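Chemist: Here you go, one structure.
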Amino acid sequence: MRHKRLTRHTGTVAVTLACLPLAACSAGSTVAGNSGGNSLQVGLTAEPANFDFTKTEGAAIPQALLYNVYESLVKLDQSGTIRPGLATSWSLSKDRRTYTFQLVKNAEFSNGAPFTAKDAEFSIERVPADWTVAQKAQMDVVDTVQAVSTTELKVTLKRPSNDWLYRMTTRLGAMFSRTGVSKLATEPVGTGPYVVKKWNRGDSITLARRDGYWGRKPQFASVTLKYFKDPTALNNALLTGTINVIGTMQSPETLYQFENNSKYKVIEGSTNGEVVLSLNNGSGPLRNPKARQAVRYAIDHKALLDTCWAGRGKLIGSMVPPTDPWYQNLTNLYPYDRDKARKLLKESGEAGRTLRLRIPSLPYAIACGTVVKSQLEQAGFKVKLDQLEFPAAWLTTVFKNADYDMSIIGHVEPRDMQTVFGNKTAYTRYDNPEFRALLKKADEGTQQEQITYMRAAARLLSKDAAADWLFLLPNLMVADKDITGLPVNTVSESLDLTGLGRS
């Protein structure tokens with residue numbers, strides 16, 4: 001078998017968003033019938049812009065499709081442990097550079113094509129060649145990919161990497177059909193137990209269970225993901241029986257109406273979702289380190305959490321959630337101190353300039369945006385708050401063009417400190433070679449060195465006031481009491497529907 005050496009391509013590709021409902025299912029697949037008792041309706045907030053997470057940023061697409069429509073060689077279970085997926089087993093060479101995967105023998109894509117090691121080779125090689133999202137850089141460590149046989153794949157890295165196998169559990173590890181990537185924005189083709197049956201733009205996405213799926217069949221034959229921009233409408237949908245699950249609770253102050261009702265169950269745990277007060281390190285007033293430090297001292301995080309998210313969540317002070325091995329509580333680096341904020345702002349010379357706080361039209365950002373504006377103004381800042389439609393306007397204006405001074409966004413992708421701050425062209429425009437060197441040492445070292453260097457990187461990032469971390473989003477889910485398999489902690493990008501059931 002030939003070896004292919006991977007090279008990185010940095011060009012961007014425009015994606016045209018199609019708004020038409022999909023056909024009933026992809027060619028070559030069959031869909032199981034469903035009835036009311038064998039269907040599930042899940043309420044969510046952020047609707048995907050399209051179905052192509054290789055070229056479109058944001059968490060909404062992998063939330064809906066990863067593990068459900070697309071599968072990966074390995075996946076995360078609810079404890080955060082890496083488990084077999086389309087690979088039944090794998091081994092690592094002594095020099096920690098070569099992974100050898102043994103693949104399942106009977107998997108098929110929804111277009112009828114068999115899944116083989118050639119498709120895995122194709123999928124991994126597509127990341128540097130065709131993907132345009134920021135996460136693609138995490139695959140740069142791959143040197144060669146070889147389909148040794150139909151069911152054996154060999155991946156050789158340029159250097160040892162603690163992170164690479166973990167990244168293969170994310171959207172980066174999604175397996176694509178060699179004949180099914182021409183219309184990814186509208187017609188996803190995967191090996192998963194579900195296919196996209198229908199997409200009503202602005203309302204819902206319906207997934208249908210596939211007959212002949214190679215793995216364990218999920219209980220629900222049909223799952224509809226319904227999207228709500230208004231938190232009250234989301235709650236009412238559960239109260240009236242329109243949906244069975246609130247996948248992401250957007251009004252924590254109203255939980256009481258479910259907690260005291262025997263018809264429902266409430267799940268509360270942790271997530272990867274750092275709600276970040278993003279600061280533009282590359283241009284504008286916050287390019288000034290003292291101005292950024294002043295912002296951090298001006299925020300009363302406890303009062304903010306109590307006010308805009310009903311006290312639900314956790315204060316962290318960094319880009320690391322408690323579910324990661326290198327978590328440390330860094331909230332003490334910038335304790336609330338309004339007088340110190342005023343002093344630093346004056347010293348920075350930026351006191352007369354207006355900060356543009358440009359937030360997405362998402363419930364947590366809207367709720368917290370007014371609190372942030374008020375607290376900063378009390379410390380002497382001038383702040384102009386405006387709201388951008390999410391995802392399209394916010395992704396273009398803030399994430400792509402960095403046309404902002406501050407924003408508020410929940411970064412829910414797992415272990416995303418490197419993606420958000422390790423690339424100086426990312427929208428935060430944070431450029432610190434020492435920080436990037438620590439990330440590199442963490443990736444190449446022993447497991448203990450990984451923890452040591454990642455903690456050092458997180459502390460440096462926080463001390464630099466590269467951003468302010470408002471709080472960690474809790475995993476707040478509410479469901480009909482008979483729904484089973486709901487995760488206590490959200491550890492991956494996927495809303496994994498495959499283990500849900502009804503008792």
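Chemist: Which of the numbered conditions does ASN261 fail, given that it passes all the others? Conditions: (1) in a loop (DSSP other than H, G, I, E, B); (2) open to solvent by 10 Å² or more (accessible area, probe 1.4 Å); (3) closer than 18 Å to VAL488 by Cα.
Modeler: (3)
Chemist: Return the pair list, or none, for Cβ contacts closer than 6 Å from residues in segment 343-372 that are touching a residue at least 12 places away in the same chain (Cβ under 8 Å) to residues that are acidic (Asp, Glu) and surrounded by fewer than 16 Cβ atoms within 10 Å (Cβ to Cβ), at least 6 apart or on different chains.
Modeler: Note: pairs meeting the criteria are ARG358/ASP386; SER361/GLU389.
Chemist: Mind counting the residues in segment 201-253 that are farther than 15 Å from TYR364 by Cβ, aliphatic (A, V, I, L, M) and in contact (Cβ under 8 Å) with a residue 24 or more places away in the chain?
Modeler: Number of matching residues: 10.
Chemist: For residues in segment 184-207 being of a type in the set (Val, Ile, Thr) and not in a loop (DSSP other than H, G, I, E, B), which is surrounded by the fewest Cβ atoms within 10 Å (Cβ to Cβ)?
Modeler: THR206
Chemist: Just to be sure, is ASP306 without any contact (Cβ under 8 Å) to a residue 24 or more places away in the chain and either closer than 26 Å to SER251 by Cβ or not in a helix (DSSP H, G or I) (or both)?
Modeler: yes
Chemist: Checking the conditions here, which among TYR256, TYR297 is more than 21 Å from PRO487 (Cβ to Cβ), open to solvent by 30 Å² or more (accessible area, probe 1.4 Å) and aromatic (Phe, Trp, Tyr)?
Modeler: TYR256
Chemist: Same structure, new question: Looking at segment 271-302, which of its residues are assigned to a loop (DSSP other than H, G, I, E, B), among the polar types (S, T, N, Q) and touching a strand residue (DSSP E or B) at 6+ places or on another chain (Cβ under 6 Å)?
Modeler: Residue satisfying the conditions is THR271 alone.
Chemist: Looking at segment 369-422 only, could you name the residues that are open to solvent by 20 Å² or more (accessible area, probe 1.4 Å), acidic (Asp, Glu) and assigned to a loop (DSSP other than H, G, I, E, B)?
Modeler: GLU389, ASP403, GLU413
Residues checked against (1) within 28 Å of THR307 (Cβ to Cβ); (2) part of a loop (DSSP other than H, G, I, E, B); (3) polar (S, T, N, Q); (4) out of contact with any strand residue (DSSP E or B) (no Cβ under 8 Å at 6 or more places or on another chain):
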{"site": "ARG216", "(1), (2), (3), (4)": "no, yes, no, yes"}
{"site": "PHE220", "(1), (2), (3), (4)": "no, yes, no, no"}
{"site": "VAL223", "(1), (2), (3), (4)": "no, no, no, no"}
{"site": "LYS226", "(1), (2), (3), (4)": "no, no, no, no"}
{"site": "ASN236", "(1), (2), (3), (4)": "yes, no, yes, yes"}
{"site": "THR242", "(1), (2), (3), (4)": "no, yes, yes, no"}
{"site": "GLN250", "(1), (2), (3), (4)": "yes, yes, yes, yes"}
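Chemist: Select from segment 34-80 the residues that are part of a strand (DSSP E or B) and farther than 27 Å from THR232 by Cα and list them in ascending order.
Modeler: Residues satisfying the conditions are LEU66, TYR70, SER72, VAL74, LYS75, LEU76.
Chemist: Right, something else. Any residue in segment 175-182 that is surrounded by fewer than 20 Cβ atoms within 10 Å (Cβ to Cβ), out of contact with any helix residue (DSSP H, G or I) (no Cβ under 7 Å at 6 or more places or on another chain) and not in a loop (DSSP other than H, G, I, E, B)?
Modeler: no
Chemist: Determine, yes or no, whether ILE359 is under 25 Å from the mean Cα position of the chain (by Cα) and under 27 Å from LEU255 (Cα atoms).
Modeler: yes
Chemist: Further, regarding this structure: Here is a check on your reading of the model: is GLY80 under 26 Å from the mean Cα position of the chain (by Cα) and either modelled with pLDDT of 95 or more or open to solvent by 10 Å² or more (accessible area, probe 1.4 Å) (or both)?
Modeler: Yes.
Chemist: Take the residues of segment 81-102 that are of a type in the set (A, V, I, L, M) and outside any loop (DSSP other than H, G, I, E, B): which is nearest to THR156 (Cα to Cα)?
Modeler: LEU92
The values are calculated or read from the model by the stated rules, or taken from the named source; none is laboratory data. Please read these numbers as outputs of a predicted model, since none were measured by experiment. Glycine gets a Cβ as well: all are built from the backbone with ideal geometry, and neighbour counts include every protein chain shown. These accessible areas exclude ligands, DNA and RNA; they are computed on the full protein's heavy atoms, side chains included. Shrake-Rupley method; radii C 1.70, N 1.55, O 1.52, S 1.80 Å.
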